[in-house]
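**Q** What follows is a single structure, and I will ask about it in a moment.
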Amino acid sequence: MENKKTSLLYKMIKGLVRFFYPKMEAVGTEYLPEGPAILVGNHAKMNGPITAELYVPGYHYTWCIGEMMHLKDVPGYAYKDFWWDRKPKWIRWFYRLLSYIIAPFSVCVFNNANTIGVYHDTRLIGTFRETLEKLQEGARVVIFPEHDEDYNHILCGFQQNFTDVAKQYYARTKKPLPFVPMYIAPELKKLCFGKPIYYDPGIPIKQQRGMLCDYLTEEITRIAVELPEHTVVPYRNIPKKDYPKNHAAHGDRSAPV
């Protein structure tokens, strides 16, 4: 298990976040396997990464956007992904400036937290290599695989290639890797886990990607709709007045997110 040094600034930021962010209750921890696992959850905007860092039980790492770990990459990524097409043109100059202001804080947080940088180029090989190393150390790895694709009122669709890590893990260890569904409900202050599904080495990975993701999305949805009524924090940046309720349009994959 790695004992890395963390900066004083990060410790101060984490302490402030822990003080002001609501304490989350972990529910369903009996479903968490002993040892390595992939925990797959809804992103819930910043609630996902914050909850993962502060309240996921045990030794764990979280996949994060690699660009947010590099000072020169943060402004361009943050402005385009967070604000460019979501703010009126007359105020975009402010968010362009803000993207530069947050850059050093982003680099501090994402490099000192227990994170694994994810990239969409050849550096993805390094992402998988580091993930396998952490799993072999016994860590749990948290992944938020939603992307901008309709699924239902709880989730956006999943990017599926993250499941390939299970094939690589099995090749190294001859052990099937568990994937645990996880649902974050900030309004209820709950972090909920469901029954895991295991990689099956007898099924081709191209076929198994969809099978694993179908189970995980359906189980996360089930957990969400069985909770008391609450507001779902969606993946997409939409006005808060448009956030859905967990009991609305259950089973309708075309429901707006």
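**Q** Within the range 79-106, take every residue that is outside any helix (DSSP H, G or I) and among the basic types (Lys, Arg) and give me the one that is modelled with the lowest pLDDT. Spell out the reasoning first.
**A** Initial filter on the range 79-106 (outside any helix (DSSP H, G or I)): 84-88, 102.
Then keep just the ones that are among the basic types (Lys, Arg); that gives 86-87.
Numbers: Arg86: 70, Lys87: 77.
Among those that are outside any helix (DSSP H, G or I) and among the basic types (Lys, Arg), it is Arg86.
**Q** Where residues in the range 185-238 are among the polar types (S, T, N, Q) and open to solvent by 20 Å² or more (accessible area, probe 1.4 Å), which of them is farthest from Val165 (Cα to Cα)? Quick ask: steps written out before the conclusion?
**A** Our first condition is that a residue be among the polar types (S, T, N, Q); within the range 185-238, this holds for 207-208, 217, 221, 231, 237.
Imposing the further condition that a residue be open to solvent by 20 Å² or more (accessible area, probe 1.4 Å) reduces the set to 207, 231, 237.
Values: Gln207: 14, Thr231: 33, Asn237: 29 Å.
Across the range 185-238, the extreme among qualifying residues is Thr231.
**Q** Taking the criterion of being at pLDDT 95 or above, more than 25 Å from His153 (Cα to Cα) and under 14 Å from the mean Cα position of the chain (by Cα), would at least one residue in the range 57-78 satisfy it?
**A** Taking every residue of the range 57-78 in turn, at least one turns out to be at pLDDT 95 or above, more than 25 Å from His153 (Cα to Cα) and under 14 Å from the mean Cα position of the chain (by Cα).
**Q** Being in a strand (DSSP E or B) and crowded, with 17+ Cβ neighbours inside 10 Å is true for just one of Val141, Val109. Which residue is that?
**A** Val141
**Q** A further question on this structure: With among the aromatic types (Phe, Trp, Tyr) and closer than 26 Å to Ile50 by Cβ as the only criterion, which of Tyr170, Tyr151 stands out?
**A** Answer to the selection: Tyr151.
**Q** Mind listing whichever residues of the range 124-133 are open to solvent by 10 Å² or more (accessible area, probe 1.4 Å) and either of a type outside the set (A, V, I, L, M, F, W, C) or touching a Pro at 6+ places or on another chain (Cβ under 7 Å) (or both)?
**A** The answer is Gly126, Arg129, Glu130, Glu133.
**Q** Could you figure out which of (1) touching a residue at least 40 places away in the same chain (Cβ under 8 Å); (2) open to solvent by less than 30 Å² (accessible area, probe 1.4 Å) isn't true of Asp150?
**A** Going through (1) touching a residue at least 40 places away in the same chain (Cβ under 8 Å); (2) open to solvent by less than 30 Å² (accessible area, probe 1.4 Å) one by one, Asp150 breaks only (2).
**Q** Which residue out of Val233, Val141 is touching a His at 6+ places or on another chain (Cβ under 9 Å), more than 15 Å from Leu39 (Cα to Cα) and hydrophobic (A, V, I, L, M, F, W, C)?
**A** Details: Val141 fails: more than 15 Å from Leu39 (Cα to Cα).
Only one candidate qualifies: Val233.
**Q** Just the residues that are open to solvent by 40 Å² or more (accessible area, probe 1.4 Å) and part of a helix (DSSP H, G or I), please, taken from the range 112-123.
**A** Within the range 112-123, none qualify.
The values are calculated or read from the model by the stated rules, or taken from the named source; none is laboratory data. Keep in mind it's a predicted model, so treat the numbers as computed, not measured. Methodologically, a virtual Cβ is constructed for each residue, glycine included, from the backbone with ideal geometry; neighbour enumeration extends over all protein chains shown. We work out accessible area using only protein heavy atoms, side chains counted, and drop any ligands, DNA or RNA first. Shrake-Rupley method; radii C 1.70, N 1.55, O 1.52, S 1.80 Å.
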